[in-house]
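Asker: Let me give you the structure first, and then I'll get to my questions.
The values are calculated or read from the model by the stated rules, or taken from the named source; none is laboratory data. All values derive from a computational prediction rather than experimental measurement. Virtual Cβ from ideal backbone geometry, glycine too; neighbours counted across all protein chains shown.
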Ligand SMILES: Nc1ncnc2c1ncn2[C@@H]1O[C@H](COP(=O)(O)OP(=O)(O)OP(=O)(O)O)[C@@H](O)[C@H]1O
Ligand SMILES: [Mg+2]
């Protein structure tokens, strides 16, 4: 069943369009991530869903009900604010209890919920402190907990882990998913950290300048990005402009680029002659065949080595697990046809 | 801190604080001394509790205390209650909000006595309010509104005069609350009243207390509004004090004055504590 349905949602601030005709469906209990650079409209979309902004156009349905004009306090959503927005006059416990009190949840239930969340977010030692006595990371966890205790049908997170150190971030990330699954919450999660998005999500919405670039599973986004923006934004990618020469074998297309010719295996024939060609640094094979290039930089990274290689004045990245190539060496690079991705050329 | 530093601080404070302390101290001392029979202007001086015991037995005195407290408490509450919605409304600047804010603060610039005369003229037997009522057909004969026995006139004037002051204090306090905090409360299901009582009021309690206390002290010792627009069968404490003084009874006037000071002090403490207690109970 569809939990959130967003149709052609547009938000304008005066003349500036923050979101343009965005459509999205989120299934019940699904965990969807909004990923995109700063200012692309992620917070704006969350505020539209929770009701703090009125859309210029379009509709929002939650659990089949049109809530486009419903005030925030009457929507079954909880938002975990990017700026924490804790109540400065209330202790951590009182902050966490605020929502359940408003919802008239019995004292016994309330305590159980609050203690549960405090335990999971390691906040029990801070319960009687005021927000200004907490570290940034602790405040962020209180803000997260305050949304989680609500157990709403839709929970919205605005970069809830941005202020945590790497270890705590991994731990809290796992807790968020566990709580979300345990209580069957539908979640929309905002981040600009692609690793976080890939690791946590059922699906990822990649936004750019208020528009959707691609909505897909993490695997599909990584292995089959549709646009140059997505290819660049998710993981590392080498992208070249190219021209399609023609089909050399069924399902194998020849593409001419500045650094040489590639054969690309694809089931969907390219629509245009002008395309962008993309491959991941780790799909390159260093060997005897392929394009010849010169190593211009080498960085050992532990379980792989990062090489910067130049061919015909074009430089690109290659990751290799076993290579002895040094700076200045000449190497041969080939890319398996099925590892090459054709992207639609965008303006 | 070294002794020299303390000396320096004391030296810096003396001109301001010293003057204030000397003046207040002298006034309080003279008033208290006079109420116990010293510094009698006419006749002999000497310690006596006669003036106090006489005064406490007087019906005039207790009625005047009740009446002054009534005016003081209600004026403070009305001013603050009306100032809050205005402060919240003016929290975010909008087209014309500066002008509205300025107009609302105008009463601060108009002398109370002038305002009281104006008010009396408007509500008088032949004033424009009565003319309007008759013209609209609500009543055939003019209604007597002047010097009403519930002191509604005085309360209106006090509220009118003090509201800008409360507004000034509360606007600053309310502007200090971030939008996101209010949004968070809303998101967690708090409607308008819950947002006010659980977030806005507790976060602005200092401004609220300051307004209540200062307005209470001003209104409890009201003289000019009472003389012009107040009920004729009741006297405020200031008025009573002046009455005694006019009779040449400085000692009784001092008894009323000292009582007024104590009421102002105790009353404002009670109002400040009351405001905080009420909010504390709401939270838990
Ligand atoms: N109230 C507003 N008035 C005018 N412009 C706004 C307003 N709120 C947001 N914007 C603009 O809309 C765009 C999207 O903002 P938004 O806060 O949604 O970005 P974001 O994707 O959350 O970025 P970040 O990752 O930095 O938090 C920005 O360019 C911002 O300047
Ligand atoms: Mg944001």
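Asker: Going by what's in this entry, would residue B:157 be described as farther than 30 Å from residue A:144 by Cβ and either within 14 Å of chain A (Cβ to nearest Cβ) or under 31 Å from the mean Cα position of the chain (by Cα) (or both)? Don't jump to the end; show me each part of the working.
Answerer: Numbers: farther than 30 Å from residue A:144 by Cβ: yes; either within 14 Å of chain A (Cβ to nearest Cβ) or under 31 Å from the mean Cα position of the chain (by Cα) (or both): yes.
Considered against the rule, which asks whether it is farther than 30 Å from residue A:144 by Cβ and either within 14 Å of chain A (Cβ to nearest Cβ) or under 31 Å from the mean Cα position of the chain (by Cα) (or both), residue B:157 comes out as yes.
Asker: Now for a different question. Keeping to the range A:2-26, report how many residues are buried (at least 16 other Cβ atoms within 10 Å of the Cβ) and within 16 Å of ligand 2 (Cβ to nearest atom).
Answerer: 4
Asker: Next question, about the same structure. Of the conditions (1) part of a helix (DSSP H, G or I); (2) surrounded by 11 or more Cβ atoms within 10 Å (Cβ to Cβ); (3) modelled with pLDDT under 90, residue B:15 clears all except one; give me its number.
Answerer: (2)
Asker: Moving on to the next point. Output the number of the condition that residue A:71 fails; it satisfies all remaining conditions of (1) away from chain B (no Cβ under 11 Å); (2) more than 22 Å from residue A:32 (Cβ to Cβ).
Answerer: (1)
Asker: Tell me which of these residue B:46 doesn't satisfy, since it passes every other one: (1) more than 30 Å from residue B:199 (Cβ to Cβ); (2) in a helix (DSSP H, G or I).
Answerer: Exception for residue B:46: condition (2).
Asker: Sort out which residues of the range A:27-61 are touching a residue at least 60 places away in the same chain (Cβ under 8 Å), more than 16 Å from ligand 2 (Cβ to nearest atom) and within 14 Å of another protein chain (Cβ to nearest Cβ), and write them in order of number.
Answerer: Answer for the range A:27-61, where residues must be touching a residue at least 60 places away in the same chain (Cβ under 8 Å), more than 16 Å from ligand 2 (Cβ to nearest atom) and within 14 Å of another protein chain (Cβ to nearest Cβ): there is none.
Asker: Could I ask something else about it? Which fully enclosed strands (runs of 3 or more DSSP E) of the range A:1-97 have 3 or more residues being assigned by TED's automatic domain parsing to the domain that holds residue A:181, under 16 Å from residue A:208 (Cα atoms) and near ligand 1 (Cβ under 10 Å from one of its atoms)? Walk me through how you get there before you give the answer.
Answerer: Working: elements: A:2-13, A:16-27, A:31-35, A:57-62, A:77-80.
Result: A:16-27.
Asker: So is residue B:188 within 12 Å of another protein chain (Cβ to nearest Cβ), more than 22 Å from residue B:87 (Cβ to Cβ) and without any contact (Cβ under 8 Å) to a residue 60 or more places away in the chain or not?
Answerer: yes
Asker: Output the residues belonging to the range A:98-120 that are away from chain B (no Cβ under 11 Å) and not in a helix (DSSP H, G or I).
Answerer: Residue satisfying the conditions is A:106 alone.
Asker: Take the range A:121-144 and flag every residue that is buried (at least 23 other Cβ atoms within 10 Å of the Cβ) and within 14 Å of chain B (Cβ to nearest Cβ).
Answerer: Selection gives A:140, A:142, A:143, A:144.
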